[in-house]
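The values are calculated or read from the model by the stated rules, or taken from the named source; none is laboratory data. Fair warning: this is a prediction, and the values are worked out from it, not measured in the lab.
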Amino acid sequence: MSPLSRSRTLKYGLPMLLLITGGSFGLREFAQVRYDVQKVKRKIDPHLEAQLNKNKNNTTIDSEYQKLQQQNLDDWVNIRGPRPWEDSRTHQEEQRKKLKANDT
């Protein structure tokens with residue numbers, strides 16, 4: 001046997017160093033892919049972005065207050081939502097029937 005094959009540094013240390021340095025480069029590439037995907041997902045259609053910016057600039061507290069004043073808030077009805085064990089569609093239908101019966 002040659003002295004190089006008996007060396008513990010070459011037998012165990014060199015593969016460990018290669019694994020650590022190779023792993024760091026591999027992790028960097030995987031992390032970069034993640035950030036690239038997030039960057040692509042965040043891009044918005046320019047037409048839609050223009051509409052969003054347009055709506056943001058036109059909304060003021062006074063305009064929202066005017067909208068609230070136009071609504072009739074005195075005749076609202078508190079309707080209970082369905083419980084987790086109840087079927088939501090049948091519960092909503094029952095609530096609608098009760099409201100129609102009370103209105104007539």
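Selection over the range 76-104 of residues that are under 28 Å from the mean Cα position of the chain (by Cα) and part of a helix (DSSP H, G or I) gives a count of 2.
Condition check: part of a loop (DSSP other than H, G, I, E, B) and at pLDDT 80 or above. Does residue 28 satisfy that? Criteria not met by residue 28.
One residue alone among 17, 68 is within 30 Å of residue 99 (Cα to Cα), modelled with pLDDT of 85 or more and part of a helix (DSSP H, G or I), and that residue is 68.
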